[in-house]
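These notes concern the structure reproduced below.
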Amino acid sequence: MIIKGKDLSTSIKEALKVRVGVLNEQYGRTPNLTVILVGDDPGSVSYVTGKAKAATEIGIRNTTIRREATISEQELLDIIEQLNNDDDVDGVLVQLPLPKHINENKIIAAILPEKDVDAFHPMNVAKLWLKQPCVLPCTPKGIIKLLHFAGVDIAGKEAVVIGRSNIVGQPVAKLLLDANATVTVAHSKTKNLAEVARRADILVVAIGRERFVTADMVKPGAVVIDVGVNRDTRTGKLCGDVDFEEVQHVAAAITPVPGGVGPMTITCLMENTVEAFVNRMNK
Ligand code: GUN
């Protein structure tokens, strides 16, 4: 089975659009998201374009602030401060990665936690790890929704996450653990990675290398979630971290790239924006 993230994403967005209409009647305005894009990395441009398009579809007001890669850290901090103080702005997101001369941690920490729709602020990360009510990071949240959509019962399963980034690997491992899976976090330096991966009932791959996971690394009947977004050096097309052609014959279910995790990340961002708006309105 191919897990169609795009289809799930479409149905969640339709429901969100209705909700935004109701909220507009209730509060007299719609949620408002500002996305900041620094530089012109093609991957980041494509993500940001997708985020703006989804927001517009749902009725979320949105602005993209674009700045040259030469912007100073202080100039970026000034923009964030202005957005933090703007009562009409509910969500603030800075697309990552940032140019090397800018301290990403400093930028993330500057966003007001209540407007941090990415859930990257240390305060929001801490709440997640302490199991306190919090906004969930978009990609990990989207992955859990995809597993439910595919009818996968996470409790009691062996999950292996390949990748340990702050954005995906670590938080998705935490969410799987909270859903009562037994979780192993592996990475590019894991010894006998194929053997470790083959233990997985649920295999999540977020490593950023094309065809990194081959059929011999997948247990027959496993569910494979591919978070990779790479350029296929053979075809020039977008591809994931998993050799889809091979692995689809071994796995019980697999997410495609494009059309799997990617649309869910964007949709969960929309959900988080609506949530941030409602929380701010009820403060
Ligand atoms: N870069 C890659 N994924 C993400 C994301 O989910 N949010 C932001 N801000 N940057 C990213």
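The values are calculated or read from the model by the stated rules, or taken from the named source; none is laboratory data. These numbers were taken from a predicted model, which means no experiment stands behind them. Cβ atoms come from the backbone with ideal geometry, glycine included; neighbour counts cover every protein chain shown. Side chains are part of the model used for accessible areas, which takes the heavy atoms of the whole protein and leaves out ligands, DNA and RNA. Shrake-Rupley method; radii C 1.70, N 1.55, O 1.52, S 1.80 Å.
Looking across the stretch 170-209, just one residue is open to solvent by 10 Å² or more (accessible area, probe 1.4 Å) and closer than 13 Å to VAL247 by Cα, and that is ARG198.
Evaluation of GLY151 against the conditions (1) more than 16 Å from the ligand (Cβ to nearest atom); (2) assigned to a loop (DSSP other than H, G, I, E, B); (3) touching a Ser or Thr at 6+ places or on another chain (Cβ under 9 Å) shows that the sole unmet condition is (3). Taking every residue in the stretch 1-15 that is more than 13 Å from GLN248 (Cα to Cα) and pairing it with any residue that is open to solvent by 60 Å² or more (accessible area, probe 1.4 Å), at least 6 positions away or on another chain, the pairs with Cβ-Cβ distances below 6 Å are LEU8/PHE149. Residues of the stretch 256-270 that are within 16 Å of the ligand (Cβ to nearest atom), open to solvent by less than 40 Å² (accessible area, probe 1.4 Å) and either outside any loop (DSSP other than H, G, I, E, B) or not aliphatic (A, V, I, L, M) (or both): GLY260, VAL261, GLY262, PRO263, MET264, THR265, ILE266, THR267, CYS268, LEU269, MET270. Counting only strands (runs of 3 or more DSSP E) that sit wholly inside the stretch 173-245, those with at least 2 residues that are under 17 Å from the mean Cα position of the chain (by Cα) are 202-205, 223-226.
Picking from residues in the stretch 107-122 that are surrounded by 13 or more Cβ atoms within 10 Å (Cβ to Cβ) and part of a helix (DSSP H, G or I), the one that is farthest from the ligand (Cβ to nearest atom) is GLU114.
Of all residues in the stretch 90-106, those satisfying the criterion of being closer than 21 Å to THR265 by Cα and among the hydrophobic types (A, V, I, L, M, F, W, C) are VAL92, LEU93, VAL94, LEU96, LEU98. In the stretch 130-143, of all residues being surrounded by 19 or more Cβ atoms within 10 Å (Cβ to Cβ) and of a type in the set (A, V, I, L, M, F, W, C), the one that is farthest from ALA206 (Cα to Cα) corresponds to VAL135.
For GLY142, the test of being of a type outside the set (Asp, Glu) and either modelled with pLDDT under 95 or assigned to a loop (DSSP other than H, G, I, E, B) (or both) is failed.
The single condition among (1) in contact with a helix residue (DSSP H, G or I) (Cβ under 7 Å, 6 or more places away or on another chain); (2) of a type outside the set (A, V, I, L, M); (3) open to solvent by 80 Å² or more (accessible area, probe 1.4 Å) that THR34 does not satisfy is (3).
Among the residues making up the stretch 70-106, those that are part of a loop (DSSP other than H, G, I, E, B) and under 22 Å from ASN282 (Cα atoms) are ASP86, ASP87, ASP88, VAL89, ASP90. Report, by residue number, each residue of the stretch 144-169 that is touching a residue at least 12 places away in the same chain (Cβ under 8 Å) and open to solvent by 60 Å² or more (accessible area, probe 1.4 Å). Answer for the stretch 144-169, where residues must be touching a residue at least 12 places away in the same chain (Cβ under 8 Å) and open to solvent by 60 Å² or more (accessible area, probe 1.4 Å): PHE149, GLY156, LYS157, GLU158, ARG164, ASN166, ILE167. Among residues of the stretch 37-65 being over 13 Å from PRO97 (Cβ atoms), away from the ligand (no atom under 12 Å from the Cβ) and touching a residue at least 60 places away in the same chain (Cβ under 8 Å), the one that is surrounded by the fewest Cβ atoms within 10 Å (Cβ to Cβ) is ALA54. Taking the criterion of being open to solvent by 50 Å² or more (accessible area, probe 1.4 Å) and either out of contact with any strand residue (DSSP E or B) (no Cβ under 9 Å at 6 or more places or on another chain) or in contact (Cβ under 8 Å) with a residue 12 or more places away in the chain (or both), the residues of the stretch 222-239 that qualify are VAL229, ARG231, THR233, ARG234, THR235, LEU238. Counting only residues that are among the small types (Gly, Ala, Ser), within 16 Å of the ligand (Cβ to nearest atom) and open to solvent by 40 Å² or more (accessible area, probe 1.4 Å), the stretch 66-99 holds 1 of them.
Condition check for ALA126 on (1) under 19 Å from GLU275 (Cβ atoms); (2) within 16 Å of the ligand (Cβ to nearest atom); (3) assigned to a helix (DSSP H, G or I); (4) of a type in the set (Gly, Ala, Ser): one failure, at (2).
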